[in-house]
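Read the structure below first, then the notes.
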Amino acid sequence: MEIKTENYKVVYDEVSNNIVFDGSLRLNGTAEYASITELLNNVAQQEPEKIVLDLKELNFLNSSGISILSKFVINIRRRKNIQMVVIGAKKNPWQGKSLKNLQRLMPSLKLEME
Amino acid sequence: MTTDSQSQLSLSHLRHELRTPINAIIGYSEMIVEEFEDLGSDPPYLQELEEIRDCGAELLVSINNFLNPAIPPTSELEWEQIVTNPELKIQLQKLTNLVINNCQQLIPTIETELVPDVEKINLAANKLLEEINNLLKTSPGKNSLTISPKIPPQVVEEDYFFEPETISEIDIIIDSGVLLAQEDEQPLDPSKYTILIVDDNATNRDLLSRQVKTQGYKAAVARDGRQAIQKIKTGAYDLILLDIIMPEINGYQVLKWIRAGAWRHIPTIMISALDEIDSVVKCIEMGAADYLAKPFNPTLLKARLGACLEQKRLRDQESSYLDKLALANEEIKTLNGCLKAENMRLSTELEVTQRLQMMLLPKEQELSQIEGLEIAGFMEPADEVGGDYYDVLQHHGRITIGIGDVTGHGLESGVLMLMVQTAVRTLMENNETDPKKFFEVLNRTIYKNVQRMDSDKNLSLCLVNYHEGVLNLSGQHEEMLVIRAGGTVERVDTIDLGFPIGLEETIEDFVFQAQINLHQGDVVILYTDGITEAENNLGIHYGLENLCAIVQQNWQESAQDIRQAVIENLRSHIGVEKVYDDITLVVLKQK
């Protein structure tokens, strides 16, 4: 599964269970995020043992996008048996703060900042 | 009418009258022969039947030879010579008697169910004999009375004169195997088709109906033009076999009526004698699908019916596609209407939401009455209203400044923002001063409503309490900027002071308070991401650095002037680009 546009791409690797975000996500509201939400929900539904959310190359995510990720983390948390890892990078200023919220939503979530 | 044309007319008429019984002889005999052929049986009396059929064919040839001369008669005398030609009489009588003899032999020997058909042949042959005997008494002046009261239509005046070869050519076509091969590919289910047979001659009606039924079609009959029109109006016919020469309303008139009305899609095959080819041409020009010559050849009839009905089926299919297309068009129109209504609704929704957002904003006058602080607020809803919130509330000398941003856009975001405003005011009026409790109750209130709304929205919210030079802030939102008198900037991170409202059922554990002391001339800036994330034509954000810089340059100005400086600077960054998010700015300045 993958979503590719000029500004960003989201790729799910079914073998490694990595969801890799790349580029800059500035979509307008939940409606424009629908395809990404669908991809994330599909991954959650498969209930893999571990999901890695790789955001290293996502240099911007607006508040609607952060809200989408938060909902995803809540979805994963509800399923209990999935181990969740979020990889960020210090070069992306938005991540230092926003990714903290994800960890608060799911204390077992492993946050790795590169 | 001149005598010449009268003579010609009469010849044509004569041929027509003589051919009618001959057609019956050929028609019935051929039908019986075909039935046996289809059954694959070879009865002993087949020879007699074939002889009858052949006699019929010879009779037709004789009539054409004698009564359709290459040079038409120019006077009554010439006409009489043609008609009273003893050779003609002998020839016709000989063949007709042969038919009658064969019938006499057949009637006692043939299967009982075929006897009526043979009797019909016999009757036709006797009628023919009578007509032949009448020939000698006939003259162009009186023939119409002695032969028949029927006047053929005008078009037949322009008679067509066949060369014998032409006739045989047509015969060859009739018997060619191409037509037989085609009929094997017949994709139609004949039982679904009803064919209307219009002929004033009962024998023709009978012959045609039986041939049509033999081929599996349903048959209906009309005995004249008037009845045909009546039936077409009330019945559902897939094809019409239409005789040209009929009393009162003739075939042309019926055809003209069919083509002019709602039934023009019904294919019409004209029934005509071979020497009426001009009439046939005229009919085809008028829109007839095809023609069928008398005597009726079953193979040809089958091929023509098949071809016409196939064409009709394709046409019906096409018109059904057109109907579907028209239906789809209608649907598109309806959808378009819905879209217009939806656009109208959206623009109404936008207006409502914008008004909701603006109506609860603190008034300038309220702000000017606040002691110790200069406050200037600014809010501009985006084209698609977001859910920005800012408020300044005063209660028992306590001032609370709130700023927040509901995710997403539209009415739902606007409504959520109103709820937040009310909840904050309620908690203040209830003297709730503990930030943890304040945010916990606020969050639960919003969370439960968001659940009820089945919404996926949440919001950032920061509340700033001011009392005598001290700011206490809680809640998670954008960084708060403090620009000290002199221009030093302090950025206050609010991530650890709270949590998004309405996302989780409880957030108490995440709520903390930070305290800032303000001195005279210090400026505090609260804003939403509509400012920092405003894009220019290259997609570059306005950014926090720009915001800090512009306030730094203007710290000594009044709160209103700082607000104006920021907004102007922001607008010059955005240029003509679309504003995607609400823009909210609150400037506080310690007096």
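Each reported figure results from applying straightforward, stated rules to the coordinates on display, with no laboratory input. The structure displayed is predicted, hence computed values, not measured ones. Please note: Cβ atoms are built from the backbone with ideal geometry, for glycine as well, and neighbour counts cover all protein chains shown.
Straight Cα distances below 21 angstrom link residue A:91 to the lysines A:9, A:56, A:100, A:110, with same-chain residues fewer than 8 positions distant left out.
Secondary-structure-derived ellipticity at 222 nm for chain A, considering helices only, amounts to -12500 deg cm²/dmol, per-run term -39500 (n - 2.57) for DSSP H runs with n ≥ 4.
For GluC sites (Glu not before Pro), the sites in region B:459-548 that DSSP calls loop and that have at most 15 other Cβ atoms within 10 Å are B:468, B:505. Bridging of residue B:340 to lysines at a Cα separation below 28 Å is possible for B:324, B:457, B:578, once same-chain residues fewer than 8 apart are set aside.
Distance from the C-alpha centroid of region B:239-277 to that of region A:34-72: 75 Å, rounded to the whole angstrom. Proximity of backbone amide H atoms, modeled 1.01 Å from N, is registered between residue B:219 and B:195 at under 5 Å, excluding neighbours fewer than 5 places apart on the same chain.
Looking at chain B alone, DSSP beta bridges between its own residues are antiparallel in about 75 percent of cases. 3J(HN,Hα) along region B:282-290: 4, 5, 5, 4, 6, x, 5, 6, 6 Hz, from the Karplus curve 6.51 cos²θ - 1.76 cosθ + 1.60 with θ = phi - 60°, whole Hz, x for Gly and Pro.
Given 10 °C and 1.306 mPa s, compute D for the protein assembly as shown with the Stokes-Einstein relation, Rh being the Kirkwood radius over Cα pairs; round to the nearest whole µm²/s. Intermediate values should be presented prior to the final figure.
Values: Rh = 34.3 Å.
The calculation lands on 46 µm²/s.
Averaged over the residues of A:60-71, the number of partner chain Cβ atoms lying within 10 Å of the residue Cβ comes to 5.
In sequence order, region B:218-227 has phi-based couplings of 8, 10, 10, 10, 10, 8, 7, x, 4, 5 Hz under the Karplus curve 6.51 cos²θ - 1.76 cosθ + 1.60, θ = phi - 60°, and Gly or Pro positions carry x. The Kirkwood radius of region B:1-107, taken over pairs of alpha-carbon atoms, gives through the Stokes-Einstein law at 4 °C and 1.567 mPa s a diffusion coefficient of 85 µm² s⁻¹. Normalising the average separation of contacting C-alpha pairs (under 8 angstrom, six or more residues apart) by the number of residues puts the relative contact order of chain B at 10 percent. When the alpha carbon gyration tensor of chain B is reduced to an equivalent ellipsoid, its three semi-axes come out at 109, 24, 18 angstrom, largest first. Taking every alpha-carbon pair in region B:207-264 and binning the separations at 5 Å intervals from zero gives 4, 18, 29, 24, 17, 7, 0 percent.
Given DSSP loops and a limit of at most 16 other Cβ atoms within 10 Å, what is the longest stretch of chain A that contains no such trypsin sites (Lys or Arg not before Pro)? Intermediate values should be presented prior to the final figure.
On the way: sites that count: A:79, A:80, A:90, A:91.
It works out to A:1-78.
If you take the square roots of the eigenvalues of the alpha-carbon gyration tensor of region B:360-590 and sort them as a ≥ b ≥ c, do you get rounded (a/c under 1.5), prolate (a/b over b/c) or oblate? Because a/c hits 1.5 or more and a/b fails to exceed b/c, region B:360-590 counts as oblate. Between the beta carbons of residue A:100 and residue A:41, assuming R0 = 30 Å, the FRET efficiency works out to 0.80 to the nearest 0.05. Per-residue 3J(HN,Hα) values for region B:231-237, derived from phi via the Karplus relation 6.51 cos²θ - 1.76 cosθ + 1.60 with θ = phi - 60°, read 5, 4, 4, 9, x, 10, 10 Hz in sequence order (x marks Gly and Pro). Under 8 Å for C-alpha pairs, at least 6 residues apart: give me the relative contact order for region A:2-113, rounded to a whole percent. Rounded, it is 24 percent for region A:2-113. Restricting attention to chain A, close to 35% of DSSP beta bridges with both partner residues there are antiparallel.
Per residue of chain B, the DSSP helices (runs of n ≥ 4 H) give a summed -39500 (n - 2.57) that works out to -18000 deg cm²/dmol at 222 nm.
Under a 5 Å amide H cut-off, with hydrogens placed 1.01 Å from N, residue B:583 pairs with B:380, B:382 among residues at least 5 apart or on other chains. Give the calculated FRET efficiency between residue B:490 and residue A:90 to the nearest 0.05, with a Förster radius of 22 Å applied to their Cβ-Cβ distance. Using R0 = 22 Å, I get an efficiency of 0.50.
Could you work out the relative contact order of region B:215-312? I mean the mean sequence separation of Cα pairs under 8 Å and 6+ apart, divided by the number of residues, in percent.
Numbers: 116 pairs, mean separation 24.8, N = 98.
Result for region B:215-312 is 25 percent.
With no solvent and one equal point scatterer placed on each C-alpha of region A:2-113, evaluate the Debye formula and give log10 I(q)/I(0) for q = 0.23 Å⁻¹, two decimals. Taken in order of the listed q values, log10 I(q)/I(0) reads -1.52.
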